[in-house]
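The values are calculated or read from the model by the stated rules, or taken from the named source; none is laboratory data. The structure displayed is predicted, hence computed values, not measured ones. No Cβ is skipped: glycine too gets one built from the backbone with ideal geometry, and neighbour counts run over all protein chains shown.
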Amino acid sequence: MKKVLCTILFACCFLIIAGCSQDGAGEISDRRPMIMVEDGIYRDTGKQIAIEIDDSAILGSITSSIDAREIPTQNGESNFGSEGAPYAFYDDGLVVMLQNEWFFFEKEKGYTKDKLQEDPRQSTGAGNETAIAAKEEYDAAVSAYEALLQGDADAEDPKCDLSESGSVNINDLSLGPNTLHALFDMNGDGIPELHLRPTTGGGYEIFTYRDGQVVLWHVDVDYCSPLNNGALLYERPGGAPPHTNYMYITLDSNGNEISRVGFAEYDVVDENDLKVGVRYIYEDNDVSKETWDALTDKFLSIKSDLIEWMAY
């Protein structure tokens, strides 16, 4: 197990160093779509809001865009294009008009314009010194994860998701012979989270490393998969009639759910159970295939190829 974790650690550090090189040769994950407004960063939740915004409430529109791997540093700047799209404050966050619909963006409390100018991790050209310094934190996190996996240490369970005592041991989890594990940073703090997920059945647990302690960060079902941008995609096929249910789930920096967007595809069958069409559903509403494709592409097009699953 130690050899496996060290192998993953090396791969993670290689990605950071490559991504931080000045020539930009390394590829890193696309960040969650975000925009800077009044010196604050707002992140896309994927949640469509059915509201009417008065013209007088419009703050402005997206005036410029940067690479999807970077964080905006100028007001009116986004990392997802859509220049000219209007935006307005709404419910402690922001709504942006995309595809003729308002989408909710949450405010990222950890980032301000001043901090971004000081934070070398905010772009892909941060320099190798940051990557080298971060390796020590990686080493500490991986060692702590190894102790958890070996049963030599417990993890904190602050929300008592798995244990009323507030701590959980690896032996308390329902891990079968087909359980997979991976190291992947979900919240962008530079420390990888430990992911444990069975191939079929059971729960999906994500642990983080905080203040020298492994902490249970998020609990979900095995139909969920992490995406490169730190969100989760729930994908569950079913029958009678054949269908696939999806949910796109966003999480905050502490692993709490921010929002989820549900959509599905259902085969339409005749009395002989022969497929005669497809029913498309988005947020409990029947929509056309064209509308469904337009609304769901932003979720289904996000890759998960940066997560390397290995046998536990």
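Restrict the check to region 64-76 and report whether at least one residue is on the phi > 0 side of the Ramachandran plot, touching a strand residue (DSSP E or B) at 6+ places or on another chain (Cβ under 8 Å) and free of Cβ contacts under 8 Å to residues at least 40 places away in the same chain. Steps first, please.
Here is the first cut: in region 64-76, the residues on the phi > 0 side of the Ramachandran plot are 76.
From the residues that got through so far, the ones that are touching a strand residue (DSSP E or B) at 6+ places or on another chain (Cβ under 8 Å) too are 76.
From what is left, the residues that are free of Cβ contacts under 8 Å to residues at least 40 places away in the same chain are none.
Looking through region 64-76, none of the residues is on the phi > 0 side of the Ramachandran plot, touching a strand residue (DSSP E or B) at 6+ places or on another chain (Cβ under 8 Å) and free of Cβ contacts under 8 Å to residues at least 40 places away in the same chain.
Of all residues being of a type in the set (D, E, K, R), assigned to a loop (DSSP other than H, G, I, E, B) and more than 22 Å from the chain's Cα centre (by Cα) in region 243-296, which is nearest to R210 (Cα to Cα)? Just the residue, please.
Restricting attention to region 243-296, the residues satisfying the condition of being of a type in the set (D, E, K, R) are 252, 257, 260, 265, 267, 270-271, 273, 275, 279, 283-284, 286, 289-290, 293.
Among the residues that remain, those that are also assigned to a loop (DSSP other than H, G, I, E, B) are: 252, 270-271, 273, 283-284.
Checking which are more than 22 Å from the chain's Cα centre (by Cα) leaves us with 270-271, 273, 284.
Numbers: D270: 55, E271: 57, D273: 53, D284: 38 Å.
Checking each candidate, the answer is D284.
Does T250 count as crowded, with 20+ Cβ neighbours inside 10 Å, among the polar types (S, T, N, Q) and touching a Phe, Trp or Tyr at 6+ places or on another chain (Cβ under 7 Å)?
On the way: crowded, with 20+ Cβ neighbours inside 10 Å: yes; among the polar types (S, T, N, Q): yes; touching a Phe, Trp or Tyr at 6+ places or on another chain (Cβ under 7 Å): no.
Criteria not met by T250.
Of the residues in region 186-224, how many are assigned to a loop (DSSP other than H, G, I, E, B) and surrounded by 21 or more Cβ atoms within 10 Å (Cβ to Cβ)? Can you show your working first?
Of all residues in region 186-224, those assigned to a loop (DSSP other than H, G, I, E, B) come to 186-192, 199-202, 211-212, 222-223.
Going one step further and asking which of them are surrounded by 21 or more Cβ atoms within 10 Å (Cβ to Cβ), we end up with 186, 192.
Number of matching residues: 2.
Scan region 44-88 for residues that are surrounded by fewer than 16 Cβ atoms within 10 Å (Cβ to Cβ), at pLDDT 90 or above and in a strand (DSSP E or B) and report the count.
Looking only at that region, the number is 3.
Here are L173, L180: which of them is touching a His at 6+ places or on another chain (Cβ under 9 Å), touching a residue at least 24 places away in the same chain (Cβ under 8 Å), assigned by TED's automatic domain parsing to the domain that holds D220 and within 22 Å of D222 (Cα to Cα)?
Numbers: L173 fails: touching a His at 6+ places or on another chain (Cβ under 9 Å).
After applying the criteria, what remains is L180.
Has region 171-183 got any residue that is surrounded by 20 or more Cβ atoms within 10 Å (Cβ to Cβ) and β-branched (V, I, T)?
No, because not a single residue in region 171-183 is surrounded by 20 or more Cβ atoms within 10 Å (Cβ to Cβ) and β-branched (V, I, T).
So A133 fits all but one of (1) small (G, A, S); (2) over 19 Å from H195 (Cα atoms); (3) modelled with pLDDT of 50 or more; (4) crowded, with 17+ Cβ neighbours inside 10 Å; what number is the exception?
(4)
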